[in-house]
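See below for the structure under consideration.
The values are calculated or read from the model by the stated rules, or taken from the named source; none is laboratory data. The model shown is predicted, which means the values in this text are computed figures rather than measured ones. Neighbour counts are summed over all protein chains in view; Cβ atoms, including those assigned to glycine, are modelled from backbone coordinates with ideal geometry. Heavy atoms of the whole protein, side chains included, go into the accessibility calculation; ligands, DNA and RNA do not. Shrake-Rupley method; radii C 1.70, N 1.55, O 1.52, S 1.80 Å.
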Amino acid sequence: MTDLGASPVPEAIAGSPTPGETGDGPTGLRPWRKRRLFPSSPFYAVVRWGGAGLFAAVAIGLVVTIVSQSSQAFTHSGISFLWSGTWNPDAGEFAAGTLVVGTVLTTLVAMAIVVPVGLGISVSVSELTPRWLAGPLSTSIEFLAAVPSIVVGLWALLVLSPVFATDVEPALEGLPVLGRIFHGPAYGPSVLLASVVLAIMTLPTVVALSRTALSGVPMADREAAMALGATHWQVVRRTVLPGARSGIAAAITLAIGRALGESIAVALVIGNRPAIPHSLLAPGATLGSAIVNQFAEASPGLGTSAVIALAAVLLLLTVLVNVVGQLLVRTRGGRRVLSARGAAT
Amino acid sequence: MKRRSIAPAGLVLAAALVAASGSSWLSSAAGAASAHSNAAVVKKAAASASTTLNGAGANSIAPFFEKVFYNYEHLHSKVTVNYSPAGSSVGVKDIQQNTVDFGDSEIPMSSSAQAAASGGAVLQVPVELGGVALSYNVPGAPKGLHLDGPTLAAIFEGTITKWNDPRIAKVSGVSHLPNLAIVPVHRADSSGPGWDLDQYLISTSTGWVKKIGTSKASTSWPLPDIGEGEQLNTGVATFIKSTAGSIGYVSFGYASKAKFANAALKNKAGAFVSPSSYTIGLAGARASNLSASHFSIIDEPGASTYPLANFSWTLLYKKQANAAKGAALGALFYYVVTTGQKQASPLGYSPIPANVLKLAENTLVKLRSSTGKQLFKL
Amino acid sequence: MSTIPNVQVGAAGTGPEIGLVEELQRRRALVRDSARRSIRRRRITGRAMQVICLIAVPIGVAPLVALVLATVSKGAGALSAGFLLHAPTPPGVPGGGISTAIVGSGEIVAIAIALAVPVGLFVALFLFERPGTIAAAIRFSADVLSGVPSIIIGIFTYAVFVERFHHFSNLAAGFALGVLMLPIMVRANEEAMRTVSVDLWEAGVSLGARRSRVARSVVLRGALPGVVSGNLLAVARGVGETAPLLFTVASPTFAMTLLIFNDATEPFPDAQRTAWGTALVLLVLVLILSVVARMVAWILNRKAR
């Protein structure tokens, strides 16, 4: 996880749009005009184009490699690989359906935890806490973003899982009404634990980016609301939050993208049973956890191709979500979030 | 003054970084052929004239290999051995694809698997004798609970669901077992211990044969939907350790290290035998006409023989592309099957019997260089 | 609010004037009361919502605190000079450590830096110097690429490097990490370059300097704080990654993150202690990198002013 807080560039400077941002180049002129005015040396041009070419080669190569290596599995199982069947390599059954369900389920439950808590924290930090507290608080949340996913997974496996098995999961089973989704034997590793781990890991994303979105709402709007007699909370609810809406949506979308792809920490705590879980306390499997566990073992040829096909499905899902998130970021409200993503996931 | 643009400075910076990280590190990194990406023992290469041997394979033999390779490296400072215990099937696959110098599998390669090996003929050397324990975590239960094939089959089929089931009381003679749900644990990955237990249940329980629909044992657990599936011996051991009511099959090397309570299994003679280096050794001593195609020592006769034992087979290409490595492999595994066997008992394995040592030696001398020169002589 | 009665205002000096004042006072009282009620209601809801939001803070911070405390307390027990300096030993042989993992991780990250930093700079320069559709496409794909799960990057590297050349190596692992860090570095570099005032750039080229010279002396120099701290943050991210190493590294004892991954699943206390110790080392390392990144940016910014 990386630091997602303020852009490394001081905000006083980053806030003002430069002509570059509008895509016109350093001089503000149209590119062709500028090129004529200030040509660059061939060496410099090679360096720049070489870099861009390398980057494009890597990006395109990634997609092409994954797709081509997975084609064997797709031709074997057909397009229904995407949504049907069970994952049982020893029986020759390769299909991603149950894994997709597991992936979506863990992500949804994680978001159900992260969105309220993350929004609550970001509202608190940006609006409700005094200045001297807000700084250290947000820094400590950002520190959580820097914690490597394997360390979170280690802690979840060795510390959280036993606590879940002995205390949390039986308590959840006893809940009225909701208890229905929490039935079944509880050993610790479960869909619920994996979702909690995902929530812990994506919380900093949501908090940092929402906070930027919230603080990007202009002071004038807030002052106008106060002048009309709004209480502090009404200012937040009716002016600030709506103003930050697209930034918050972008933050949540990016967090979803992150949660979909997390594989190591999930593989440690989800219990690795590739079947549709009948309860949140049951073990399950996601695309990422299946890839982690199956890749080494997969028999060369169809087996490996099937695991790479899982990676292709995961790639498709994450790219879709990320594209939506990026498009949201590029809307007017989301633009303030863009600079905060300088080093963000 | 004419100055260059930024790029050379960047390249110089990059070159400086590369140089700073140490050329020796890089050459050993790039030059090292490999083992797989799971647990292993490693020593840094002492000097550039050293040999690095990389292997991958059975998880069950890992404690033994780690100790023996460590001792060997202390005796031969120019040799580094890396072993990745990712599982027998990974070892077989890596040897087939020629990405490792040696593999190890609890179940030898079948002829079709050997045919798929890209480097030609594969030599299979028996290097160690180990056993599979049925470990359980039942508070209040005595150690060495008596169990037999049909009862185990019922447990792993899911027909016996509680520890205080009368069938368990009948075979074990213990009637005060708690009213605790049984959680059978199996290997989610393909495994030698899984094959062993499968073979044992096939030999002793007709109900098992009927349930799984075949009488041929498989390294993939035949009933993956019943109970919990965990990766590698370590995964099963971790689960058993943390879950009351669980029972699963674990390589005895791991089970003894984890100090599990292990079941005493009914052997062919009708006696209930607990796993130990001695009882496993008795099973190995029964191996007659041992070969890669006739390798099973499951359910051997004998009053004190433990029924779940197996040899571990190291996989080497007969024709070695790198003669120095081939010679090093021969020397290493000769050490393993001779001096190295001293490490077997303390770790929960058993020294290989004399006739198996003969087989190992006869196989090692078959190592050849690409020009046909014999690489290892006794 | 009750209906306002129709009050007749009489001529000055007659009786109804007294009634007008009372009426106005009554109306004022009505407005005041309803305003008071509204304020009270709004304040109460506001306070309640604020409390709910503030409750979220300890809920969110608690896991972090618990995690760090657990890592420090359990990892400190494993830490010693020997732990950091010695290589791993088989179980039962005392004196083992994680030196090979520390060195290996360092090597892999160094390779990744050597690959990603220059390319990141070159791509950012491309984006800076030649805006247009291609640049927009590269920018967009950098953003999307930075969201690709690291395990997919690991598989890509396996297919390209390991399978083709038939061996695992730190070089392949470094390449995987480099691919992971590259999009982050590109975006951070470009953001930093954007902050340099256009006037300075124009002044440079109008003095006759070549664009590469201007890029070097004006843009990069001005962007240096952002570039350095952004790249350091990308490195901090790369140091903590496990998935790209899973299918590329020759042995898990060559990388700290893989070592944790393996030892975490072992049921033996000494393996778990090693895992906690390694996790503590990793955590401290990542923390130092993040703090240094911030400090460098702060120092260089101050110098620039």
Straight-line reach check, B:Lys319, cutoff 16 Å on alpha carbons, 8 or more apart in-chain or any other chain, hits among lysines -> B:Lys366, B:Lys373, B:Lys377
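For chain B, give the magnitude of the charge dipole about the Cα centre (Cβ charges: +1 Lys/Arg, -1 Asp/Glu; no others), in debye to the nearest 20.
Details: 31 positive and 19 negative charges, 220 e Å.
It comes to approximately 1060 debye.
State the antiparallel share, in %, of DSSP beta bridges confined to the protein assembly as shown, rounding to the nearest 5.
Numbers: 27 of 46 bridges.
Here the share of antiparallel DSSP bridges comes out near 60 percent.
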At R0 = 41 Å the Cβ-Cβ FRET efficiency linking A:Ile276 and C:Arg43, nearest 0.05, sits at 0.25
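Arranged from highest to lowest average of other beta-carbon atoms within 10 Å per residue, in what order do the peptides B:318-324, C:157-163, C:176-182 appear?
Working: B:318-324: 15.6, C:157-163: 20.9, C:176-182: 28.1.
Put in order of decreasing packing, that is C:176-182, C:157-163, B:318-324.
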Largest fluctuation, C:Ile134, C:Ile102, C:Ile260 only, Gaussian network model of chain C with Cα springs under 10 angstrom, belongs to C:Ile134
Taking a straight Cα-to-Cα line shorter than 19 Å from B:Lys318, and setting aside same-chain aspartates and glutamates fewer than 8 residues away, one finds B:Asp94, B:Asp101, B:Asp104, B:Glu361
In nm, the gap between the two label points placed 7 Å beyond Cα toward Cβ at C:Ile59 and A:Ser84 is 4.2 nm
The farthest towards the positive end of the charge dipole of the protein assembly as shown, of the residues A:Met111, C:Val218, B:Ile61, given +1 on Cβ of Lys and Arg and -1 on Cβ of Asp and Glu, is C:Val218
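Averaged across C:231-238, how many Cβ atoms of other chains sit within 10 Å of each residue's Cβ atom? List each step's numbers first, then the result.
Numbers: counts 2, 3, 10, 4, 1, 7, 9, 2.
Mean shielding count: 5.
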Scaled by the rule-of-thumb 2.2 N^0.38 Å, the alpha carbon Rg for segment C:15-78 gives a ratio of 2.58
HN-Hα couplings for segment A:287-293 via Karplus (6.51, -1.76, 1.60; θ = phi - 60°), in whole Hz with x for Gly/Pro, come out as 4, x, 5, 5, 5, 4, 7
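With respect to the cross-link table entries B:Lys78/B:Lys241; B:Lys93/B:Lys162; B:Lys259/C:Lys74; B:Lys93/B:Lys259; B:Lys67/B:Lys259; B:Lys143/B:Lys268, which display a Cα-Cα separation exceeding 28 Å? Mind showing how you got there, number by number?
Values: B:Lys78/B:Lys241 40 Å; B:Lys93/B:Lys162 39 Å; B:Lys259/C:Lys74 23 Å; B:Lys93/B:Lys259 32 Å; B:Lys67/B:Lys259 19 Å; B:Lys143/B:Lys268 21 Å.
Violating the 28 Å limit, Cα to Cα: B:Lys78/B:Lys241; B:Lys93/B:Lys162; B:Lys93/B:Lys259.
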Of all DSSP beta bridges having both residues in segment B:131-285, the percent classed as antiparallel (nearest 5) is 60 percent
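Let me know the volume per residue of the alpha-carbon convex hull for the protein assembly as shown, in Å³.
Details: hull volume 221.5 nm³, N = 1028.
Cα convex hull per residue, to the nearest whole number: 215 Å³.
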In degrees rounded to 10, the 0-90 angle between helix B:62-75 Cα long axis and the longest Cα principal axis of chain B is 40 degrees
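Roll a 1.4 angstrom probe over the protein heavy atoms and tell me the percent of accessible area of the protein assembly as shown that is carbon or sulfur. List each step's numbers first, then the result.
Numbers: 24960 of 39780 Å².
That fraction is 63 percent.
If you count, for every residue in C:279-291, the Cβ atoms of partner chains within 10 Å of its Cβ, what is the mean? The partial results should precede the final answer.
Numbers: counts 9, 1, 0, 5, 5, 0, 1, 8, 3, 0, 2, 8, 2.
What the average comes to for C:279-291 is 3.
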The set of residues whose placed amide H lies less than 5 Å from the amide H of C:Phe168, leaving out same-chain residues fewer than 5 positions away, is B:Ser34
Asked for the total accessible area buried by C and B (1.4 Å probe, Å², nearest 100), one would answer 3700 Å²
Expressed as a whole number, the average count of other chain Cβ atoms within 10 Å around the Cβ atoms of A:60-70 is 4
Packing-ranked peptide list from C:285-298, C:114-127, highest mean Cβ count within 10 angstrom first, is C:114-127, C:285-298
To the nearest 10 degrees, the tilt of helix B:354-364 (Cα long axis) against the first principal axis of the alpha carbons of chain B is 30 degrees
Quick calc: nm separation of the 7 Å Cα→Cβ label points for A:Arg245 and B:Ser118 -> 5.7 nm
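When each pair of different Cα atoms in segment C:83-304 is counted once in the 1/r mean, what is the Kirkwood radius in angstroms, to one decimal? Each step should come with its number before you reach the end.
On the way: mean 1/r = 0.0526 Å⁻¹.
By the Kirkwood definition, the hydrodynamic radius is 19.0 Å.
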Relative contact order of segment B:46-88 (C-alpha contacts under 8 Å, at least 6 apart) in percent is 61 percent
Contact order relative to length for segment C:189-251, counting C-alpha pairs under 8 Å separated by 6 or more residues, stands in percent at 42 percent
Nearest 10, in degrees from 0 to 90: the angle of helix B:6-20 to the longest Cα principal axis of chain B is 60 degrees
Toy charge model, Lys and Arg Cβ at +1, Asp and Glu Cβ at -1: segment C:83-304 dipole around Cα centroid in debye, rounded to 20, equals 900 debye
For chain B, the Cα-Cα pair-distance distribution in 10 Å bins from 0, as whole percents, is 5, 23, 30, 20, 12, 6, 3, 1, 0, 0
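Would you mind working out the magnitude of the charge dipole of the protein assembly as shown relative to its Cα centre, with +1 at each Lys and Arg C-beta and -1 at each Asp and Glu C-beta, to the nearest 20 Debye?
On the way: 79 positive and 50 negative charges, 640 e Å.
Here the protein assembly as shown has a charge dipole of around 3080 debye.
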Hits for chain C under the membrane-span-like helix rule (DSSP H, Cα axial span at least 20 Å, Kyte-Doolittle mean at least 1.6) are C:99-129
